[in-house]
Structure formats: C-alpha cells, structure tokens
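Structure, as structure tokens:
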Amino acid sequence: MSIVVVGPAAIIVYKYVLPYTTGLMRKLVITYSIAISWMMAFASGSYGYSGKTWLLAAAFLFYVSDLFVARQRFIKRCFLNSLCGLTLYYAAQLMFAISPAIDF
C-alpha cells in the first residue's frame with residue numbers, strides 16, 4: 001500500500017519541482033523528498049496495521065502542505081501557496097496532536 005500512497009507524490013516532486021533546482025539545493029530537495037516520503041510510507045503502514053485513518057490523513061495533509069512550500073520556494077510565489085500550504089500544515093499538526101485520543 002505504501003507505494004500507492006508515496007509513488008504519485010514522489011513523481012510530482014521529481015517532475016515538477018526538481019527542474020527548478022540546481023546544485024546543492026537539488027540534493028537537499030531530493031533528500032527531504034525521500035525523508036517525507038518515508039513518513040508517508042510509515043503512516044500508510046501504520047494505517048494497514050491499526051486502521052487509524054486519522055493518522056494517514058494527517059500525514060497526507062502534511063505532505064501536500066510541503067508541496068505548496070516547494071511550489072512557493074522554487075516554482076511560483078503567490079498567496080495561494082501560502083494560504084493552502086499553511087492551512088494544510090496546521091490542520092495536519094492538529095490532527096497529529098489529537099490522533100492518540102481519536103479511535104478512527
């Protein structure tokens with residue numbers, strides 16, 4: 001299941017973000033993409049084990065919020081990136097924080 005969750009997101013990063021990076025920044029983007037993709041893979045594995053949809057949804061929102069950050073930083077600066085990125089980020093953090101108390 002992990003590859004189904006992480007694969008499409010990784011393709012987005014490599015196809016749309018990497019062309020706008022060079023040198024050391026490209027290496028850093030690749031490294032961070034791998035790290036956050038592992039987070040998604042572990043969250044989907046956790047979902048497979050525990051069935052906690054809440055945790056998987058939080059990880060997904062966090063991942064997507066970082067795509068907006070990458071878009072803002074490397075592709076196009078616009079208010080929509082900040083609005084969507086921060087909204088998703090704070091929603092994900094709230095979901096992570098309350099996930100131990102939620103049973104779904």
Let me have the 222 nm mean residue ellipticity of the chain computed from DSSP H runs of 4+ only, each contributing -39500 (n - 2.57), with the sum over all residues rounded to the nearest 500.
-25500 deg cm²/dmol
What longest region of the chain stays clear of trypsin sites (Lys or Arg not before Pro) that DSSP places outside H, G, I, E and B and that have at most 12 other Cβ atoms within 10 Å?
1-75
Around residue 30 (Cβ within 14 Å, Cβ-to-Cβ, excluding residue 30; K/R +1, D/E -1) the net charge comes to +2
Among 37, 50, 65, which one moves the most in a GNM of the chain with springs linking Cα atoms closer than 10 Å?
50
Is the shape of region 54-104 rounded, prolate or oblate, going by the alpha carbon gyration tensor and its root eigenvalues a ≥ b ≥ c, with a/c under 1.5 for rounded and a/b larger than b/c for prolate?
prolate
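Add +1 for every Lys or Arg and -1 for every Asp or Glu among the other residues with Cβ under 13 Å from the Cβ of residue 81, and state the total.
Once positives and negatives cancel, what remains is +3.
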Treat each spin label as a single point 7 Å out from the Cα along the C-beta direction, and report the residue 96 to residue 42 distance in nm.
1.0 nm
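Using heavy-atom solvent-accessible surface (probe 1.4 Å) with all chains present, what is the largest-first order of 69, 13, 64?
Ranked from most to least accessible, the order is 69, 64, 13.
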If you line up the long axis of helix 23-50 against the longest principal axis of the chain, both from Cα atoms, how many degrees apart are they, to the nearest 10?
20 degrees
Relative contact order for region 8-104, counting Cα pairs under 8 Å that sit 6 or more residues apart, in percent:
28 percent
With the Cα gyration tensor of region 5-46 giving a ≥ b ≥ c as the square roots of its eigenvalues, does the rule (a/c under 1.5 for rounded; else a/b larger than b/c for prolate; else oblate) give rounded, prolate or oblate?
oblate
Which shape class applies to region 14-89: rounded if a/c is under 1.5, otherwise prolate when a/b exceeds b/c and oblate if not, where a ≥ b ≥ c are the square roots of the Cα gyration tensor eigenvalues?
oblate
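The values are calculated or read from the model by the stated rules, or taken from the named source; none is laboratory data. Remember, it's a predicted structure, so these values are computed and weren't measured experimentally. All Cβ positions, even for glycine, are placed from backbone atoms using ideal geometry, and neighbour counts span all protein chains on display. With ligands, DNA and RNA removed, areas are computed over all heavy atoms of the protein, side chains included. Shrake-Rupley method; radii C 1.70, N 1.55, O 1.52, S 1.80 Å.
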